[in-house]
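A.B. asks: My questions all concern the structure below.
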Amino acid sequence: MKSPPLLPSLSPQRKRRLSSHLFVFSLVVVVFVLYSEDFSCILGSHFHYSRRAEQITRAGLLPPRDIIEEKEASVEAAAAAEEGCDIFAGEWVYDERSRPHYGEEECPYIQPQLTCQAHGRPDTGYQHWRWQPRACSLPSFNATLMLEKLRGKRMMFVGDSLNRGQFVSMVCLLHRVIPENAKSMESLGSLTVFRAKEYNASIEFYWAPFLVESNSDNAVVHRITDRIVRAGSIMKHARHWEGADVLVFNTYLWWMAGSKIKILRGSFEGDMKNITEMVTEDAYKIALRRTTKWVNKNMDPRTTRVFFVTMSPSHPSSKEWGGDPDGNCYNETRPITDAAYWGTGTSKSMMRVIGEVLGAARAPPVTLLNITQLSEYRKDAHTQIYKKQWNPLTPEQIANPRSYADCIHWCLPGLQDTWNELLYAKLFFPN
Ligand SMILES: *[C@@H]1O[C@H](CO)[C@@H](O)[C@H](O)[C@H]1NC(C)=O
Ligand SMILES: *[C@@H]1O[C@H](CO)[C@@H](O)[C@H](O)[C@H]1NC(C)=O
Ligand SMILES: *[C@@H]1O[C@H](CO)[C@@H](O)[C@H](O)[C@H]1NC(C)=O
Ligand SMILES: *[C@@H]1O[C@H](CO)[C@@H](O)[C@H](O)[C@H]1NC(C)=O
Ligand SMILES: *[C@@H]1O[C@H](CO)[C@@H](O)[C@H](O)[C@H]1NC(C)=O
């Protein structure tokens, strides 16, 4: 039943010690997460695609081959369907004609944390970059086609504020083709639901920054320095995911508060006595394994799809790309062109865990959206200071925008639309 791997498993590499950069980054993340408002705020594996395509065809998430070829036969789509194209390897191309897909003001669902133009961002270049895979082209995103495929289905994003950004991006990409009275957006606790009524389809977001249970699970009040995780405990959240036809998971940033993380055995109710520290990678592995186990038990691979979005990089220190020694992403207007660029904030050891648990060699029913490298290049795409601020700014902060620039989240429209184009490609044009 197991599909043969398309990719070799990650070659074991030398364990890399946490650098001082990573430590500094961790502090930045802690401070940021602590003081930011509700971050009304991403990883997978590879399949034997042809078999997968048959399954999805049966599930209605993909029309039969001939229909694809008739309706969608564009050079691009055909190219994307070519055997073996790694759509995550490529380059950014400036394309003012075809990007962005929508205007910031056209999409009422973007939370103020991500509306950069409305908050005074002077440049718009970050909206105009198109991802060009090296060996093929991405199929063009067709909102009508996507909604038709999602007819009668639930697509759910589960994770942290970055995943929420991707959810909002997806809603923005789809909502234009739905008449005003035929759509709705509702939030209740951890769950936000966008409905396309004529299609009986929903796109949803569920807040679970660690996927497993934690003390940061409140969708609004989760500014907690002392994070505690029940690494093997998922049912509190997962019962809300049952019945979803497409699941898109992420989890990374919340784990990165140091080299160790606090683990609770037993329940959060009561005295919470048994708390121990565990190496972050080990705890992350337990959580990802628990998620995979749930997926294996609850998601029918013949009728559903599951994705894992790899870590979203941050750009807290411009000296890493040869810039100002004291700067961050603030004032950055162009992507990094060094193809090998990888910031110190993106932990290779955490990526290794993802490969070990969700990588091709194990062939779990989870498709990886490996957006990390392509997003590493996008130092220009963060919200910087152009967002609703969390606390009133002090005079010191106003005098020094570098200290409060958000180099974690991404403006919309922007980079996360590309993540969804890649999701669209993997969902409907499996190669
Ligand atoms: C998008 O998909 C719809 C539904 O399949 C189709 O009718 C339409 O022609 C497509 N649009 C483009 C630009 O390919
Ligand atoms: C609408 O979709 C849900 C699944 O999301 C399904 O259970 C229900 O039967 C559908 N209703 C109609 C009228 O198709
Ligand atoms: C805490 O949990 C660990 C691991 O399950 C166990 O070995 C230890 O005995 C527990 N300690 C207490 C005080 O319950
Ligand atoms: C940002 O760019 C502007 C215009 O180029 C420049 O005047 C300003 O000093 C820069 N600020 C920082 C903090 O680099
Ligand atoms: C994701 O892509 C990067 C860059 O190509 C690679 O180093 C990493 O191993 C990939 N991760 C996984 C889990 O396959």
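The values are calculated or read from the model by the stated rules, or taken from the named source; none is laboratory data. Quick caveat, the model's predicted, so the values are computed rather than measured. Here the Cβ positions follow ideal geometry from the backbone for every residue, glycine too, while neighbour counts run over all protein chains shown.
A.B. asks: Assuming PHE157 fulfils every condition listed in (1) within 16 Å of ligand 2 (Cβ to nearest atom); (2) of a type in the set (Phe, Trp, Tyr); (3) surrounded by fewer than 24 Cβ atoms within 10 Å (Cβ to Cβ) apart from one, which condition is it?
C.D. replies: (3)
A.B. asks: If you go through the range 132-176 one residue at a time, how many are closer than 18 Å to ALA244 by Cα, in a helix (DSSP H, G or I) and either more than 16 Å from ligand 1 (Cβ to nearest atom) or within 20 Å of the chain's Cα centre (by Cα) (or both)?
C.D. replies: Of the residues in that region, 8 qualify.
A.B. asks: Sticking with this one: Can you find a residue that is away from ligand 5 (no atom under 16 Å from the Cβ) and within 26 Å of MET235 (Cβ to Cβ) anywhere in the range 304-316? Don't jump to the end; show me each part of the working.
C.D. replies: Of the residues in the range 304-316, the ones away from ligand 5 (no atom under 16 Å from the Cβ) are 304-305, 314-316.
Okay, now just the ones that are also within 26 Å of MET235 (Cβ to Cβ), so 304-305.
Yes: one or more hits.
A.B. asks: Something else about it: Read through the list (1) more than 16 Å from ligand 2 (Cβ to nearest atom); (2) surrounded by fewer than 18 Cβ atoms within 10 Å (Cβ to Cβ), then give the number of the only condition that CYS329 fails.
C.D. replies: Failing condition for CYS329: (2).
A.B. asks: Look at LYS379 and say whether it is modelled with pLDDT under 90 and crowded, with 24+ Cβ neighbours inside 10 Å.
C.D. replies: When the stated conditions are applied, LYS379 does not pass them.
A.B. asks: From the list LEU114, LEU147, LEU138, pick out the single residue that is at pLDDT 95 or above and either among the basic types (Lys, Arg) or under 30 Å from VAL212 (Cβ atoms) (or both). It would help to see each step written out before you state the result.
C.D. replies: Working: LEU147 fails: either among the basic types (Lys, Arg) or under 30 Å from VAL212 (Cβ atoms) (or both); LEU138 fails: either among the basic types (Lys, Arg) or under 30 Å from VAL212 (Cβ atoms) (or both).
The unique qualifying residue is LEU114.
A.B. asks: May I pose another question? Just for the range 93-130: of the residues that are in contact with a Cys (Cβ under 9 Å, 6 or more places away or on another chain) and not in a loop (DSSP other than H, G, I, E, B), which one is nearest to HIS382 (Cα to Cα)?
C.D. replies: Filtering first and then ranking leaves TYR126.
A.B. asks: Can I ask one more? Write out, first by first residue and then by second, each pair whose Cβ atoms fall under 6 Å of each other, whose residues are 6+ apart or on separate chains, and whose first residue, in the range 139-164, is closer than 17 Å to SER190 by Cβ while the second is modelled with pLDDT under 95 and of a type in the set (Val, Ile, Thr).
C.D. replies: LEU162/ILE42; ASN163/ILE42
A.B. asks: Right, here's the next one. Please enumerate the residues belonging to the range 255-270 that are part of a loop (DSSP other than H, G, I, E, B) and of a type outside the set (S, T, N, Q).
C.D. replies: MET256, ALA257, GLY258, ARG265, GLY266, PHE268, GLU269, GLY270
A.B. asks: Return the only residue of THR344, THR337 being of a type in the set (S, T, N, Q), surrounded by fewer than 20 Cβ atoms within 10 Å (Cβ to Cβ) and in contact with a Phe, Trp or Tyr (Cβ under 7 Å, 6 or more places away or on another chain).
C.D. replies: Every option except THR344 fails the conditions.
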